[in-house]
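Chemist: One structure follows; several queries about it will come next.
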Amino acid sequence: MLETINLTKKYEDGHLAVDHLSFKVEPGEIFCMFGANGAGKTTTINLFLNFIPPTEGTALIEGIDVTKEPLRSKDFVSFVSENVMLYGSFSAYQNLDYFTKLAGKRGLTKVDYARALKSVGLQEDAFNTRSRNYSKGMRQKLGLAIAVIKGAPNILLDEPTSGLDPKSGQEFLNLLIKMRDEGKSVFMSTHDIFRAKLIADRVGFMKKGKLVMLKTRADLEGEDLTELYIQYMEERGA
Amino acid sequence: MLKDIIKKEILETITSPKFVFTFLLCAVLILLSVYTGITTYRSEQKEYNAAVALNKKNLESQSSYQALAGLGPKIDKPPHVLSTIASGVSEAVGRVASINIAYDPNLVDSKYESNPVFSVFGALDLTFIVKIVLSLFAILFTYDAIVGEKERGTLKLTLSNRVPRDRLIMGKVIGGYISLLIPLIIPLILSMLILLVYPNVSLTGQDWGRLMLMFLMFFLYLSVFFTLGLLVSARTNKSSTSFLVLLFIWVVFVTIIPKVSILAASQLNPIPSVHEITAKKDAFLQQVQGGAQKKVLDWAKENAPNASKDAKKYQEDFKKFLEDYQNDLTSKIEENNAALERDYPARKTSQERLAINISRISPASALMFSTMSLARTGLDDHEQFLASLRAYKPSFTRWINSRMMKSINFATGEQGKVNLADMPLHKFEPESLSKSLARTLPDFGVMLVLIIIFFAGAYASFLKYDVR
């Protein structure tokens, strides 16, 4: 489970990036967070990963306060970023092997890696190819394979579908659904309203660091999410 | 985990095109420099042996001691085997000195004198390659070590795992350093093998000790740029900025500080020029020589009545007078020269020391001075050799004066045959390894201090580094 309680981040220049943010992502749930650029979505993820310290409040991963036990909390979370380049001179196997070992998993074989890579839909002939030759979709799949093989119960995704072609985007969503069905808590920051609507169990709207709207899948029935998004951004002064 | 990070760093580097390029270039340059160094040393050794034999023959063939005094023995500076690694100032300073009654010995006929174009480009020795090429490679290997990972997003991905930052930076330091040393160590081992098997090139135990200390200095020098690269990489947000900052610091360290330090020392501690001193010496010599003729004529005039009374005694007295007078003149010339130079060497040395100490802020200067001292091709070795020539000159002068007077038969004008059996020989005892090491300790200290500062800076910066 992922949770924030009054999470606040104010930078030294006075900019309030996250303002008393409180929400939960339950196991088996996909939570999509919308917001304009600079609304605080990525900062929230950075606070979960303890890349920056909060000014106030708490971020919890499986009930572990990430500022008090940053290393332990990372055992329970996987991260997929928007445009990870990975190590270009490494193949998919080598990248996977390195990050798997960093995640503390030992004794995995090439067969396990191949299984993880197949599960995210990466073509088999790309397994031994240097990742610098991958398309963005292939890199995102490899990034997801790294998250899959870690097997953490929580996934943080920072705009993972931006720039993906429709087919790759759909495959990516299917993987997230599969993870959700396995009982993982998935938090995804995104601008991709169309794709998010297909998979989100709940959506949140962030504006100037605040969570200004929270809706469940049931709430969204019959609603035009795009219109809602625009309406919220305009009403509250984007 | 540390092992995994180190392994990844090495693997990532050695599979990159820049490593292949670096390795090939290093191998070619290092092997080429050592090979050309050895062949140059061998030809210098042959030239030296030939020159020593020729000088001996020339001295033996002189018809009289007077002719021998005019010619004087020529002392050649022997080449040193470690000039193959660090040529130092050996090509800029002279290789041979004439020991002459009138003038102070000085080394002339340098390689640069015989071919000035060498001075434009300098020698392509191993020290030059490490100083210029490998330090640039150290920058190339590290400028994006941290900031590059941030740009690729791999730093965030790495730190989203249970990876302590201190372990990550240590892994990067160890792995990165090993990757940098591979292109250096393999050609260095091959170079040592060449030194071992090359005919007529033999290194003593002390030479091997000196060589190992020089290699240690190379590693320390590269560590300075390696840790500096990490520091700058951990203090910047763009790899292009990191590279430009490092390039700027490299230019300052390698080219600007050494040159500016010489200018600064000459401004802070000015000394008279060599030409000024030489002109004063020449003027005194002319004055003394002019007076000498008069003095001899006066003596002859004064003692003329004795010549007819007892010719033999007159001849003996004349010989005695000439010998005493010659010794007196020599002493006067030497006293005058000494008075003129009394402060000069001390002031010159003080200016040189000041320039050296200012330039030691730069690791490139510390590298040059330490390797020159260890290879015995530096300024110190040159000064010591000159000092040995100056110490030899009075003993030769005394010997030739005494032989000249004793060999002349004033009645017949005949001169005795030259016998070199008891001619004093020049001796030069090179500095011991322990003394050279003591001399280079400040340079080792400079390197270690810079490494500690840069590493501590990189370490502390990375612990606080904004990975976003």
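Chemist: Could you tell me whether region B:318-334 includes any residue that is of a type in the set (D, E, K, R) and within 18 Å of the chain's Cα centre (by Cα)? Can you show your working first?
Modeler: First, pick out the residues of region B:318-334 that are of a type in the set (D, E, K, R): B:319-320, B:323-324, B:328, B:332, B:334.
Of the ones still in play, those that are also within 18 Å of the chain's Cα centre (by Cα) are none.
No, that holds for no residue.
Chemist: Right, something else. Among the candidates B:Ile169, B:Ile185, single out the residue that is within 38 Å of the chain's Cα centre (by Cα) and over 24 Å from A:Arg132 (Cβ atoms).
Modeler: Within the list B:Ile169, B:Ile185, the selection yields B:Ile185.
Chemist: Assuming B:Lys46 fulfils every condition listed in (1) within 14 Å of chain A (Cβ to nearest Cβ); (2) surrounded by fewer than 15 Cβ atoms within 10 Å (Cβ to Cβ) apart from one, which condition is it?
Modeler: (1)
Chemist: Consider region B:53-95. How many of its residues are closer than 21 Å to B:Leu420 by Cα and in contact with a strand residue (DSSP E or B) (Cβ under 6 Å, 6 or more places away or on another chain)?
Modeler: Counting residues in region B:53-95 that are closer than 21 Å to B:Leu420 by Cα and in contact with a strand residue (DSSP E or B) (Cβ under 6 Å, 6 or more places away or on another chain) gives 6.
Residues are listed down the side, and each one gets a yes or a no for (1) among the charged types (D, E, K, R); (2) within 14 Å of chain B (Cβ to nearest Cβ):
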{"residue": "A:Lys141", "(1), (2)": "yes, no"}
{"residue": "A:Lys150", "(1), (2)": "yes, yes"}
{"residue": "A:Leu173", "(1), (2)": "no, no"}
{"residue": "A:Ala200", "(1), (2)": "no, no"}
{"residue": "A:Lys215", "(1), (2)": "yes, no"}
{"residue": "A:Gln231", "(1), (2)": "no, no"}
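Chemist: Go over the candidates A:Pro27, A:Pro53 one by one and state the one that is assigned to a loop (DSSP other than H, G, I, E, B) and away from chain B (no Cβ under 14 Å).
Modeler: On the way: A:Pro53 fails: away from chain B (no Cβ under 14 Å).
Within the list A:Pro27, A:Pro53, the selection yields A:Pro27.
Chemist: In this structure, does A:Lys105 turn out to be assigned to a helix (DSSP H, G or I), under 23 Å from B:Ser160 (Cα atoms) and either at the interface with chain B (Cβ under 10 Å from one of its Cβ atoms) or among the basic types (Lys, Arg) (or both)?
Modeler: For A:Lys105, the condition - assigned to a helix (DSSP H, G or I), under 23 Å from B:Ser160 (Cα atoms) and either at the interface with chain B (Cβ under 10 Å from one of its Cβ atoms) or among the basic types (Lys, Arg) (or both) - is not met.
Chemist: Does B:Ile169 count as out of contact with any helix residue (DSSP H, G or I) (no Cβ under 9 Å at 6 or more places or on another chain) and assigned to a helix (DSSP H, G or I)?
Modeler: On the way: out of contact with any helix residue (DSSP H, G or I) (no Cβ under 9 Å at 6 or more places or on another chain): no; assigned to a helix (DSSP H, G or I): yes.
Considered against the rule, which asks whether it is out of contact with any helix residue (DSSP H, G or I) (no Cβ under 9 Å at 6 or more places or on another chain) and assigned to a helix (DSSP H, G or I), B:Ile169 comes out as no.
Chemist: Let me ask something else. Exactly one condition in (1) surrounded by 22 or more Cβ atoms within 10 Å (Cβ to Cβ); (2) more than 14 Å from every other protein chain (Cβ to nearest Cβ); (3) free of Cβ contacts under 8 Å to residues at least 60 places away in the same chain is false for A:Ser135; which is it?
Modeler: Of (1) surrounded by 22 or more Cβ atoms within 10 Å (Cβ to Cβ); (2) more than 14 Å from every other protein chain (Cβ to nearest Cβ); (3) free of Cβ contacts under 8 Å to residues at least 60 places away in the same chain, only one is false for A:Ser135: (1).
Chemist: Restricted to region A:38-50, and to residues that are farther than 20 Å from A:Leu173 by Cα and touching a residue at least 60 places away in the same chain (Cβ under 8 Å), which residue is farthest from the other protein chains (Cβ to nearest Cβ)?
Modeler: So in region A:38-50, the residues farther than 20 Å from A:Leu173 by Cα come out as A:38-40, A:43-44, A:46-50.
If we keep only those that are touching a residue at least 60 places away in the same chain (Cβ under 8 Å) as well, we get A:39-40, A:43-44, A:48-49.
Details: A:Ala39: 16, A:Gly40: 13, A:Thr43: 9, A:Thr44: 12, A:Phe48: 9, A:Leu49: 5 Å.
So, considering only residues that are farther than 20 Å from A:Leu173 by Cα and touching a residue at least 60 places away in the same chain (Cβ under 8 Å), the one farthest from the other protein chains (Cβ to nearest Cβ) is A:Ala39.
Chemist: While we're here: Considering only residues that are of a type in the set (Lys, Arg) and at pLDDT below 85, look in region B:399-435 and name the one that is farthest from B:Thr204 (Cα to Cα). I'd like the intermediate steps shown before the answer.
Modeler: Within region B:399-435, the subset of a type in the set (Lys, Arg) is B:403, B:406, B:417, B:427, B:435.
Next, only the ones that are at pLDDT below 85 stay: B:403, B:406, B:417.
Numbers: B:Arg403: 40, B:Lys406: 45, B:Lys417: 41 Å.
So, considering only residues that are of a type in the set (Lys, Arg) and at pLDDT below 85, the one farthest from B:Thr204 (Cα to Cα) is B:Lys406.
Chemist: Another one. Scan (1) within 14 Å of chain A (Cβ to nearest Cβ); (2) part of a helix (DSSP H, G or I); (3) of a type outside the set (Lys, Arg); (4) surrounded by fewer than 21 Cβ atoms within 10 Å (Cβ to Cβ) for the single condition B:Phe215 breaks and write down its number.
Modeler: The single condition B:Phe215 does not satisfy is (1).
Chemist: Let me ask something else. Among the residues of region B:177-187, is there at least one that is within 14 Å of chain A (Cβ to nearest Cβ), in contact (Cβ under 8 Å) with a residue 24 or more places away in the chain and either of a type outside the set (Gly, Ala, Ser) or at negative phi (or both)? Outline the logic, then answer.
Modeler: Here is the first cut: in region B:177-187, the ones within 14 Å of chain A (Cβ to nearest Cβ) are B:179.
The next check asks that each one be in contact (Cβ under 8 Å) with a residue 24 or more places away in the chain; those that pass are B:179.
If we keep only those that are either of a type outside the set (Gly, Ala, Ser) or at negative phi (or both) too, we end up with B:179.
Within region B:177-187 (the criterion being within 14 Å of chain A (Cβ to nearest Cβ), in contact (Cβ under 8 Å) with a residue 24 or more places away in the chain and either of a type outside the set (Gly, Ala, Ser) or at negative phi (or both)), the answer is yes, since at least one residue qualifies.
Chemist: May I pose another question? Considering only residues that are modelled with pLDDT under 80 and not in a loop (DSSP other than H, G, I, E, B), look in region B:71-111 and name the one that is surrounded by the most Cβ atoms within 10 Å (Cβ to Cβ).
Modeler: Here the answer is B:Lys111.
Chemist: Filter region B:1-43 down to the residues that are surrounded by 14 or more Cβ atoms within 10 Å (Cβ to Cβ) and within 30 Å of B:Gly72 (Cβ to Cβ), then identify the one that is farthest from the other protein chains (Cβ to nearest Cβ).
Modeler: Of everything passing the filter in region B:1-43, B:Arg42 is farthest from the other protein chains (Cβ to nearest Cβ).
Chemist: Being aliphatic (A, V, I, L, M) and within 7 Å of chain B (Cβ to nearest Cβ) is the filter here; which residues of region A:92-102 pass it? If you could, list the steps in order and put the result at the bottom.
Modeler: The first filter runs over region A:92-102 and keeps only residues aliphatic (A, V, I, L, M), leaving A:92, A:96, A:102.
Residue satisfying the conditions is A:Leu102 alone.
Chemist: Which condition from (1) surrounded by 16 or more Cβ atoms within 10 Å (Cβ to Cβ); (2) closer than 30 Å to B:Val288 by Cβ is the one that B:Asn58 breaks?
Modeler: (1)
Chemist: Is it the case that region B:439-454 has a residue that's at pLDDT 85 or above, farther than 30 Å from B:Tyr103 by Cβ and among the aromatic types (Phe, Trp, Tyr)?
Modeler: Within region B:439-454 (the criterion being at pLDDT 85 or above, farther than 30 Å from B:Tyr103 by Cβ and among the aromatic types (Phe, Trp, Tyr)), the answer is yes, since at least one residue qualifies.
Chemist: Being more than 7 Å from chain B (Cβ to nearest Cβ) and in a helix (DSSP H, G or I) is the filter here; which residues of region A:64-91 pass it?
Modeler: Residues satisfying the conditions are A:Pro70, A:Arg72, A:Ser73, A:Phe76.
Chemist: Could you count how many residues in region A:22-55 are of a type outside the set (A, V, I, L, M), surrounded by fewer than 18 Cβ atoms within 10 Å (Cβ to Cβ) and farther than 14 Å from A:Lys210 by Cα?
Modeler: Residues in region A:22-55 being of a type outside the set (A, V, I, L, M), surrounded by fewer than 18 Cβ atoms within 10 Å (Cβ to Cβ) and farther than 14 Å from A:Lys210 by Cα: 6 in total.
Chemist: Additional query: Need a quick list: strands (runs of 3 or more DSSP E) entirely within region A:152-218 having at least 1 residues that are surrounded by fewer than 18 Cβ atoms within 10 Å (Cβ to Cβ), out of contact with any Leu (no Cβ under 7 Å at 6 or more places or on another chain) and polar (S, T, N, Q).
Modeler: In region A:152-218, the matching strands (runs of 3 or more DSSP E) lie at A:210-216.
Chemist: From A:Gly88, A:Gly57, A:Gly143, grab the single residue that is modelled with pLDDT of 85 or more, within 20 Å of the chain's Cα centre (by Cα) and of a type in the set (Gly, Ala, Ser).
Modeler: Working: A:Gly88 fails: within 20 Å of the chain's Cα centre (by Cα); A:Gly57 fails: within 20 Å of the chain's Cα centre (by Cα).
Criteria check complete, one pass: A:Gly143.
Chemist: Give the residues of region B:128-166 that are more than 12 Å from every other protein chain (Cβ to nearest Cβ) and among the small types (Gly, Ala, Ser), sorted by residue number.
Modeler: Residues satisfying the conditions are B:Ser135, B:Ala138, B:Ala145.
Chemist: So, of the residues in region B:418-445 that are more than 33 Å from the chain's Cα centre (by Cα) and in contact (Cβ under 8 Å) with a residue 60 or more places away in the chain, which turns out to be surrounded by the fewest Cβ atoms within 10 Å (Cβ to Cβ)? Break it down into steps so the answer makes sense when it comes.
Modeler: As a first pass, look at region B:418-445 and keep what is more than 33 Å from the chain's Cα centre (by Cα): B:418-422.
Within this subset, residues satisfying the condition of being in contact (Cβ under 8 Å) with a residue 60 or more places away in the chain are B:418, B:420.
Values: B:Val418: 18, B:Leu420: 13.
Of everything passing the filter in region B:418-445, B:Leu420 is surrounded by the fewest Cβ atoms within 10 Å (Cβ to Cβ).
The values are calculated or read from the model by the stated rules, or taken from the named source; none is laboratory data. Keep in mind it's a predicted model, so treat the numbers as computed, not measured. Here Cβ is always computed from backbone atoms with ideal geometry, including for glycine, and neighbour counts include all displayed protein chains.
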